[in-house]
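Asks: Before anything else, here's the structure in question.
The values are calculated or read from the model by the stated rules, or taken from the named source; none is laboratory data. Please read all numbers here as calculations on a predicted model, not as lab measurements. Every residue, glycine among them, receives a Cβ derived from its backbone with ideal geometry; neighbour counts consider all protein chains shown.
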Amino acid sequence: MIAIGLKDGDELVNVLLTNGESNIIIGTHNGYSVTFKEEAIRDMGRTASGVRGIRLREEDYVIGAALMTENHEVLVITEKGYGKRTKVSEYPVKGRGGKGIKTANITEKNGPLAGLTTVTGEEDIMLITDKGVIIRFNVSTVSQTGRSTLGVRLMKMEADTKVVTMAAVEPEATEEVTEVNSEIDAEETTEE
């Protein structure tokens, strides 16, 4: 089944379930993003190639898209393991198809963006490298900073390794694990 008609060289990066009235952010590898009203995208058939969401600069490509909700934050992660959370209010809603605004200060130190999503502040984040290394941490441990800042190191990277993707997932149930471990400790101490 064909969901979208793709032009040569294009790839499908994200699929978002919306209510028809959302704001959407699209982020690029070189650290730019555009936020626009979903209503700016007209309905089309399944085989249509769609409309332009962001006008890409030379040597740039889309790395993620997400729904912008008032109480959420934008989370970006770089290839070199840096990341940051930024208030949604720092991303003005503009028309689709623009070149976008600076989302992250890309330098040699932190590298280009590997992922962009929106978070509530409670999720766990999983980072995956091109060498298959996965780390998981709670997003609340990531500093909240301004839109065009560098971010903080979240994962120490070897020189020939880079983050290739990220995912926001339900937080691990640490309280339940602690309770189970406490019960085991109590049983072990009563048997002695």
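Asks: With the condition kept exactly as written, say whether any residue in segment 48-63 is closer than 28 Å to GLU122 by Cα, acidic (Asp, Glu) and without any contact (Cβ under 8 Å) to a residue 60 or more places away in the chain.
Replies: no
Asks: For SER89, which of the numbered conditions (1) in contact with a Gly (Cβ under 9 Å, 6 or more places away or on another chain); (2) in a helix (DSSP H, G or I); (3) not β-branched (Val, Ile, Thr) fails to hold?
Replies: Only one criterion is unmet by SER89, namely (1).
Asks: A further question follows. Would you be able to say whether some residue in segment 49-62 is out of contact with any Phe, Trp or Tyr (no Cβ under 9 Å at 6 or more places or on another chain) and in a strand (DSSP E or B)? Walk me through it before giving the result.
Replies: Taking segment 49-62 and keeping what is out of contact with any Phe, Trp or Tyr (no Cβ under 9 Å at 6 or more places or on another chain), we get 49-52, 55, 58-59, 61-62.
Cutting the leftovers down to in a strand (DSSP E or B) gives us 62.
Yes.
Asks: Still on this structure, please answer the following. Among the listed residues THR117, THR28, identify the single one that is under 20 Å from VAL169 (Cα atoms) and of a type outside the set (Phe, Trp, Tyr).
Replies: Details: THR28 fails: under 20 Å from VAL169 (Cα atoms).
Just one listed residue meets the conditions, THR117.
Asks: Would you say ARG96 is of a type in the set (Lys, Arg), over 18 Å from VAL142 (Cβ atoms) and surrounded by 17 or more Cβ atoms within 10 Å (Cβ to Cβ)?
Replies: Yes; evaluated as a whole, the condition is true for this residue.
Asks: Within segment 108-192, which strands (runs of 3 or more DSSP E) (wholly inside it) include 1 or more residues that are surrounded by 10 or more Cβ atoms within 10 Å (Cβ to Cβ), at pLDDT 90 or above and touching a helix residue (DSSP H, G or I) at 6+ places or on another chain (Cβ under 8 Å)? Steps first, please.
Replies: Details: elements: 113-119, 124-129, 134-138, 163-169.
Where strands (runs of 3 or more DSSP E) fall fully within segment 108-192 and carry at least 1 residues being surrounded by 10 or more Cβ atoms within 10 Å (Cβ to Cβ), at pLDDT 90 or above and touching a helix residue (DSSP H, G or I) at 6+ places or on another chain (Cβ under 8 Å), they are 113-119, 124-129, 163-169.
Asks: I've got another one for you. Taking THR78 and the conditions (1) more than 13 Å from the chain's Cα centre (by Cα); (2) surrounded by 13 or more Cβ atoms within 10 Å (Cβ to Cβ); (3) over 27 Å from GLY20 (Cβ atoms), which numbered condition does it fall short on, given that it satisfies the others?
Replies: Among (1) more than 13 Å from the chain's Cα centre (by Cα); (2) surrounded by 13 or more Cβ atoms within 10 Å (Cβ to Cβ); (3) over 27 Å from GLY20 (Cβ atoms), THR78 violates only (1).
Asks: State which residue is nearest to the chain's Cα centre (by Cα) when the search covers only segment 84-107 and only residues that are hydrophobic (A, V, I, L, M, F, W, C) and closer than 19 Å to ASP60 by Cβ. Steps first, answer last, please.
Replies: Filtering segment 84-107 down to residues hydrophobic (A, V, I, L, M, F, W, C) leaves 88, 93, 101, 104, 106.
Now drop any that are not closer than 19 Å to ASP60 by Cβ, which leaves 101, 104, 106.
Details: ILE101: 16, ALA104: 13, ILE106: 16 Å.
Once the filter is applied, the top-ranked residue is ALA104.
So that you can scan it fast, the table gives a plain yes or no per residue for (1) modelled with pLDDT under 95; (2) loosely packed, with under 15 Cβ neighbours inside 10 Å; (3) of a type in the set (A, V, I, L, M); (4) closer than 14 Å to GLY100 by Cβ:
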{"residue": "SER22", "(1), (2), (3), (4)": "yes, no, no, no"}
{"residue": "ASP60", "(1), (2), (3), (4)": "yes, no, no, yes"}
{"residue": "LEU67", "(1), (2), (3), (4)": "yes, no, yes, no"}
{"residue": "ASN71", "(1), (2), (3), (4)": "yes, yes, no, no"}
